2 protein chains.
Amino acid sequence: MSDQIRIALPQINTIVGDLKGNSKRIIDHIRKAEAAGADIVLFPELTIPGYPPEDLILKQKFIVDNKLWLERIAKENHKILSIVGFVDNQEEIYNSAALLYQGKIAAVAHKICLPNYSVFDEMRYFAPGKRPLIFEFSGIKFGVNVCEDIWVADGVTESQGFRGGAEIILSLSASPYFVDKRDVRLAIGMTRARTIRAIVLYNNLVGGQDELVFDGNGFVIDHRGEIITEGKQFEEDFIVVDLDVSPLRAFREKDPSFTQDKLQFQSPYEVRFVSLEPSDMSPKKPELESRKFTPLNRSEEIYRALVLGTKDYVTKNGFEKVVIGLSGGIDSALTAAIAVDALGSENVVAVILPSEYTSETSMRDANAVAEKLGIHTETIPIQNTFKAYLETLKDVFRDHPRDVTEENLQARIRGNILMALSNKFGWLVLTTGNKSETSVGYCTLYGDMAGGFAVIKDVPKTMVYKLCEFRNQKANREVIPKSILTKPPTAELRAEQKDEDILPPYDVLDPILEEFVERDKSVKEIIEQGYPREVVIKVAQMVDRNEYKRRQAPPGIKITQKAFGKDRRVPITNQYHT
Amino acid sequence: MSDQIRIALPQINTIVGDLKGNSKRIIDHIRKAEAAGADIVLFPELTIPGYPPEDLILKQKFIVDNKLWLERIAKENHKILSIVGFVDNQEEIYNSAALLYQGKIAAVAHKICLPNYSVFDEMRYFAPGKRPLIFEFSGIKFGVNVCEDIWVADGVTESQGFRGGAEIILSLSASPYFVDKRDVRLAIGMTRARTIRAIVLYNNLVGGQDELVFDGNGFVIDHRGEIITEGKQFEEDFIVVDLDVSPLRAFREKDPSFTQDKLQFQSPYEVRFVSLEPSDMSPKKPELESRKFTPLNRSEEIYRALVLGTKDYVTKNGFEKVVIGLSGGIDSALTAAIAVDALGSENVVAVILPSEYTSETSMRDANAVAEKLGIHTETIPIQNTFKAYLETLKDVFRDHPRDVTEENLQARIRGNILMALSNKFGWLVLTTGNKSETSVGYCTLYGDMAGGFAVIKDVPKTMVYKLCEFRNQKANREVIPKSILTKPPTAELRAEQKDEDILPPYDVLDPILEEFVERDKSVKEIIEQGYPREVVIKVAQMVDRNEYKRRQAPPGIKITQKAFGKDRRVPITNQYHT
């Protein structure tokens, strides 16, 4: 009976629906794990189909195809034990992990806990597995978990540890990013490890998929709850660790608390055992490089999420270049900086679209941003088109004073011009609206909301400032000109316009929005927290009334606990406003 | 022990979130039921919150408020037994039905089967109930079901009939419409009634809610599976029936098959019993009017769904008037006819937006439609604005030939003008795209897709023709001019353009789309059905590639088994195309 094992966690970036490409990625990383002398290689959740495959699961052929690829991978896998995520269909459909060993599918574990909240719809697709899997390999007992299985307390993991005697927990995961998610995940991993006195390995997907960014940042935690190592944040990584179960065996034997906890534990599940024939592990294993990990600070974490989300949306959808309307304001400056970091300055085109209300400061600032980022600009004035519209609408609008209609028209001309460039040159339009304005509807449908991807849609305005400051600090120079950071925000759709004409100051607005949108607090509760009554009522009304705009917004990257999109499913027709 | 009872089913149109208004509707109908001499009144599902309340359920205060309203209704309810839908929160959140009797909440039944497929997300919000409710009232045994409870075979209803001895099943429902849903629902009702030899009463919600239309059409079916009566389709109704349980009692006693089936049935649930004190039912009951019901034919059914869905979206969201761009084509003609039937001709404004490519035929047909429908038109030519755009883009587009960019620009100018009218006059823009073009992306984002509500978004083009023919037949005159029905479809965005330049004929396209989109069949399977290989491959590609456009489309009415929107959740970033 051995007590040593080497395990590899390839933290890879899969693509939804790319069964062939994902399978190639898997096989390449099995080879890499073999070369690294690993005995086991553990992949992220739903490795073959990609995550989340959503309604592709409803296509029978998709499931058939993903199983064909699993069989091909199994045949390619002889030397080590590979644990790969796939969709199984045994009477019902399961989110599953296959144990591939000696050219065959040796066992399959079904995900038991299915998340059906926030952005997750797994009960739409999958039946819950029933029995947590324990397998014995090389004299060590392992429990296999799929993502949510490890999140639910007193469930799968504890059953594996206390009932099944698992010494090492292997978790395949696709856990999307939001601010501070690392802390949440590590706390879960530590708690489970400490509770059952086992080593926990958690391999998390990395990459952008529509509105989600998976941040990677997998981990290995020992039986005392100490972090052994972590995977990189927001990039692919290849973790290899040597594990020794003798300390945890000694601990379990010596310390009576383990036996006590084990006896007290009421298992909700019957566990299932599989024993894999002894492997002929290579006695010679290459020496491992030591790993270093420093967690990103909050601003860098968010910034990196936005860069990765943008890069993957653009490239996985087959685009090379993006186009951004630069207004001279902070939102478009930040969006441009993110795009440059995601795609390179040669793949970002800036368009400046001045009107009669565009100030000289704005022109200067817009050009300065482009220059500092090294991106090509086009300047396309919108006055003549605006005049043509006004002339065309003169009769039907006679006797009606100017109002928001004419402001929206300007925003929509800009949207049309950006879309025309997109159509003509194949560039993807990135929109530049932040979460604060998207929340209250301070944006124009088909105007500044027109585009393929809304990079900072889930970033509150106060955070927009912090991200710009971070970017400047990081570069150790003014990437985003200081004047942009200090001038009052304006849409410049009429003379002397300022955001604060209509909106409360952003440092008042943003915390109210966080309570109302992200925490689902009522107007009354928010007022009781000390926010001004009139402001709270007005903000809540604006959020509710503008649901129709958000429903037609482009997708964008989720970075908060609750983003607009599939994370927040509020009816448009809705007469509840409290 | 009595064997006679009078039951009322108010088939009402509730509004999501309108707790106060819905409560008033409930109290009014309790009064109406009392006046009709009913002993029991059964409301549709989630009567107080409206259906589906979606993420409003995540607001704690929403649930608290809905329970306050339930208590108020209970206090108003003394003379009869009222069964009202609400959201209960006992440790967990339940989709529930309350039995209100003698001024109190006498019992609560929790929905047990939670739909989490198609447009439904009930597992996101609710915990499943555990024990089906049986109550005894006036010597008769009743089973209370909430919607899906009756849809699942060998479940709640059979447990109530075989284990609980229920003689009458009362089902609160909010079952949305799609083509032929009536047949599906009646088949379920008949099967359950025959299986347990009980009377089934099914009260279904009526009204439009965002993308859904609830068609009402509740029913009462006797223990032999014969229809006693049905509620009107697509309008409010008030069904009152006198029921006599003595025939079913006699049948159950005489026929040994009932006892056999009862003994064989493996109940998945423990049922729960409540006995309500004997009521003092009024001995004098007013005589009931006889009811007649003739089901609508398929075209009329769909047409009425579109009218109700449009009317409710517009009015429940506080609009009075709508504006529609009339092209002279069939889609906008049908949309205008539906709008007129929904809102009255005085509330529909037609805008004709000719370009240099607009034919005289189109102008004549557009004007003819407006004239026949009696709606006001504005004619706003787009050439000058188009020229202004071309002039503005001249430099940046130099050396690039004309292509789809210039076509889209024209569509977007039209979209902008309609939106400008919307902004200036407070009219809601109705878009006119059908399901065939929405499927393959033969439409312009922010152009013809710009607007608040997409009336015929789920209507395939071949069905558009049928609906126009139906409308003309119904009116016994040409509401939609014959020339529109016979000319070949064109977008008129360049000279001599026809839909068939790019698309297969619609009678080939539509059945392929039905297989690929609604039935999730693979390209291979569709080709095997005999459709031309190249066409199927091209159509499937077009559908997949245009997911990004549909994601930004306005909501519209579901009339098929699978509509775009929350019914079909396909990733944009997706490399599976087979």
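The same position A:LYS482 in the other copies lies at 7.9 nm from this copy, comparing label points 7 Å beyond Cα toward the beta-carbon, shortest first.
Karplus-derived 3J(HN,Hα) values for the stretch A:489-503, using 6.51 cos²θ - 1.76 cosθ + 1.60 with θ = phi - 60°, are x, 8, 8, 6, 9, 8, 5, 6, 6, 9, 3, 6, 4, 10, 9 Hz; glycine and proline are entered as x. With the alpha-carbon atoms of the stretch A:428-502 aligned to their principal axes, the span from lowest to highest coordinate is 37, 31, 19 Å, starting with the largest.
The HN-Hα couplings worked out from phi for the stretch A:432-442 by the Karplus form 6.51 cos²θ - 1.76 cosθ + 1.60 (θ = phi - 60°) are 10, x, 9, 5, 4, 6, 5, 5, 8, x, 7 Hz, whole numbers, x standing for Gly and Pro. In this structure the amide hydrogen of A:GLY129, modeled in the peptide plane, comes within under 5 Å of the amide hydrogens of A:LYS111, A:ILE112, none closer than 5 places in sequence on its chain. The shape of the stretch A:4-275 can be summarised by an equivalent ellipsoid whose semi-axes, obtained from the alpha carbon gyration tensor, come to 27, 20, 19 Å from longest to shortest. This model, with +1 at the C-beta of Lys and Arg and -1 at the C-beta of Asp and Glu, gives the stretch B:158-283 a dipole about its Cα centre of some 620 debye. Equivalent-ellipsoid semi-axes for the stretch A:413-556 (Cα gyration tensor, √(5λ), whole Å, largest first): 27, 20, 15. For the stretch A:4-275, a simple Cβ point-charge model (Lys and Arg +1, Asp and Glu -1, everything else neutral) yields a dipole of about 740 debye relative to the Cα centre. Summarising the amide proton neighbourhood of A:ARG569: residues at separation of 5 or more, or on other chains, whose placed amide H is nearer than 5 Å comprise B:ASP55. Secondary-structure-derived ellipticity at 222 nm for the protein assembly as shown, considering helices only, amounts to -11500 deg cm²/dmol, per-run term -39500 (n - 2.57) for DSSP H runs with n ≥ 4. Quotient of the Cα radius of gyration of the stretch A:298-496 and 2.2 N^0.38 Å, N being its number of residues: 1.01. Pairs exceeding 19 Å between alpha-carbon atoms, taken from A:LYS292/A:LYS466; A:LYS424/B:LYS387; A:LYS20/A:LYS61; B:LYS321/B:LYS474; A:LYS562/B:LYS130; A:LYS372/B:LYS394: A:LYS292/A:LYS466; B:LYS321/B:LYS474; A:LYS562/B:LYS130; A:LYS372/B:LYS394.
The C-alpha radius of gyration of chain B, expressed as a fraction of 2.2 N^0.38 Å, stands at 1.08. Farthest towards the positive end of the charge dipole of the stretch B:459-578, among the residues B:CYS468, B:GLN529, B:ASN574, is the Cα of B:CYS468, using unit charges on the Cβ of Lys, Arg, Asp and Glu.
Plainly put, the tip 7 Å out from Cα toward Cβ on B:GLN541 is 5.2 nm from that tip on each other copy, the closest given first. Using the 7 Å Cα-to-Cβ label point, sort the distances from B:ILE227 to its equivalents in the other copies shortest first and give them in nm to one decimal. Spacings between copies for this position, smallest first, are 6.6 nm. Spatial offset of the stretch A:61-119 relative to the stretch B:1-72 amounts to 47 Å, using the alpha carbon center of each. Under conditions of 37 °C and 0.692 mPa s, the stretch B:106-231 yields 222 µm² s⁻¹ as its translational diffusion coefficient, taking Rh as the Kirkwood radius over Cα pairs in the Stokes-Einstein equation. Between the residues A:GLY129, A:ALA166, A:VAL274, the greatest Cα displacement towards the positive end of the dipole of the stretch A:4-275, with unit charges on the Cβ of Lys, Arg, Asp and Glu, is found for A:VAL274. Less than 5 angstrom separates the built amide H of B:ILE169 from those of B:GLY143, B:ILE199, B:VAL200, B:LEU201, all sequence-distant by 5 or more or on a different chain. The alpha carbons of the stretch A:69-160 occupy a box of 39, 29, 23 Å along the principal axes, longest dimension given first.
Note on the protein assembly as shown: with charges restricted to the Cβ of Lys and Arg (+1) and Asp and Glu (-1), its dipole about the Cα centre is near 620 debye. What would the Debye equation give as log₁₀ I(q)/I(0) for the stretch A:229-279 at q = 0.16 Å⁻¹, counting only Cα atoms as equal point scatterers? Scattering profile of the stretch A:229-279, log10 relative to I(0): -0.92.
Remark: mean inter-chain Cβ contacts per residue of A:410-420 equal 5, using a 10 Å Cβ-Cβ cutoff to other protein chain atoms. Free of any chymotrypsin sites (Phe, Trp or Tyr not before Pro) that DSSP assigns to a loop and that have at most 15 other C-beta atoms within 10 Å, the longest stretch within chain B is B:294-578. Measuring between their Cα centroids, the stretch B:166-197 and the stretch A:348-393 lie 61 Å from each other. Ordering B:THR560, B:ALA38, B:CYS147 by the projection of their Cα atoms onto the charge dipole of chain B, which places +1 on the Cβ of Lys and Arg and -1 on the Cβ of Asp and Glu, puts B:ALA38 at the extreme positive end. Taken over the alpha carbons of the stretch B:507-578 as equal point scatterers, the Debye sum produces base-10 log I(q)/I(0) values at 0.17, 0.28 Å⁻¹ of -0.64, -1.41.
Is the C-alpha gyration tensor of the protein assembly as shown telling us rounded, prolate or oblate? Criteria: a/c under 1.5 is rounded; beyond that, a/b larger than b/c is prolate, otherwise oblate. Judged from the Cα gyration tensor, the protein assembly as shown comes out oblate (a/c at least 1.5, b/c at or above a/b).
Applying the criteria of a DSSP loop state and at most 12 other Cβ atoms within 10 Å to the GluC sites (Glu not before Pro) of the stretch A:222-275 yields A:GLU226, A:GLU270.
In order along the stretch A:132-148, the phi-based Karplus estimate (6.51 cos²θ - 1.76 cosθ + 1.60, θ = phi - 60°) of 3J(HN,Hα) comes to x, 8, 10, 10, 9, 8, 6, x, 10, 9, 10, x, 9, 10, 10, 6, 3 Hz; Gly and Pro are listed as x. So, counting K/R as plus one and D/E as minus one, what does the shell of residues with Cβ under 9 Å around A:LEU288 add up to? Residues near A:LEU288 contribute 0 overall.
Within the stretch B:38-116, the percentage of alpha carbon pairs spaced more than 18 angstrom apart rounds to 36%. Per residue, the convex hull around the alpha carbon atoms of the stretch B:363-481 comes to 135 Å³.
To the nearest 10 degrees, how steep is helix A:60-76 against the longest Cα principal axis of chain A, on a 0 to 90 scale? Once rounded, the angle reads 50 degrees.
Considering all C-alpha pairs of the stretch B:1-148, those separated by over 17 Å amount to 59%.
Computed from the coordinates by the stated procedures, all read-outs in this text should not be read as laboratory data. The structure presented is a predicted model; accordingly, all values stated were derived computationally and were not measured. Using ideal geometry, Cβ is built from the backbone for each residue, glycine included, and neighbour counts are taken over all protein chains shown.
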